[in-house]
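Coordinate-derived values only; no laboratory data. Everything quoted here is computed from the prediction, not taken from an experiment. Heads up, the Cβs are rebuilt from the backbone with ideal geometry, glycines too, and the neighbour counts pull from every protein chain shown.
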Amino acid sequence: MATSFYAYAKAIYELTDSKDAQNDWLEYLEILDQISKEKIVSKLFLEPDFSFQNMYLLVEKVVSKRKSFSLFQSNFLKIILKNRRFFDLKKIIQAFQTILYEKNDIAVATIKSSTEISSADLKHIKDSLKARLNKEIQTQVELRDDLIGVQIYVGHYHFDYTIETVVEKMKQKILKG
């Protein structure tokens, strides 16, 4: 992953020396991302007469109302504004989380299901994946109306327990005979 998003995320990771510092950065990045989604911010930033310094002052003022921030975070803000990466914050956040997960031996499983998954079933899925991958497992559950069953994505693994896949496998077995 040699994107500029990863380079920004890696720089942030190298500046952090503890889980608290990493969480602080995640919180800061999430606040910046929320600000970047405001329509008025998008409009102002597209104005040709709206200078880099004005962009920085505006965002810094909004952030400071929600949270105090460090000199490193202030400098990071200046850099992403100057390099016109402010609206790419979601990708930077994802890259940063990916680095944190890799460094802490954590895998993220995305579970797509047609129905709510009970806590017992979720625990079973996490335990099974942990045993198979030898990593701690974080889960994200997405409810999908277009599925009947469950799909699980973790890294390059894909487990498909939907009715469509089960029927297709049965069909292939019958045809092979």
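The table for this structure:
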read-out	value
Normalised contact order of the range 4-101, rounded percent, pairs of Cα under 8 Å and 6 or more residues apart	52 percent
Read-out Kirkwood radius over Cα pairs in Å, derived from the coordinates shown; its label in (1) 19.2; (2) 19.7; (3) 18.3	(1)
Value at 222 nm in deg cm²/dmol, rounded to 500, when DSSP H runs of n ≥ 4 in the chain each add -39,500 (n - 2.57)	-19500 deg cm²/dmol
Residue pairs, from the table K112/K135; K78/K112; K90/K169; K103/K123; K43/K67; K65/K126, whose Cα atoms sit over 31 Å apart	K78/K112; K90/K169; K65/K126
Hz values of 3J(HN,Hα) by residue in the range 73-87 - Karplus curve (6.51, -1.76, 1.60), Gly and Pro given as x	5, 4, 5, 4, 4, 4, 5, 5, 5, 5, 8, 6, 10, 4, 8
The range 127-162 and the range 22-53: distance between their alpha carbon centers, rounded to Å	33 Å
Cα-centred dipole magnitude for the range 105-176, charges only on beta-carbon of K, R (+1) and D, E (-1), debye, nearest 20	400 debye
Under 5 Å, built H, 5+ apart or other chain: amide partners of I137	A107
Per-residue Cβ neighbour rank within 10 angstrom, fewest leading, T139, T115	T115, T139
Projected area, mean over directions - the range 105-176, Cα convex hull, nm²	5.5 nm²
Within the range 4-101: Cβ-based charge dipole about Cα centre, in debye rounded to nearest 20 (Lys, Arg +1; Asp, Glu -1)	260 debye
Charge dipole of the range 4-101 about the Cα centre (unit charges at C-beta), most positive-ward option of Q73, S36, Q22	S36
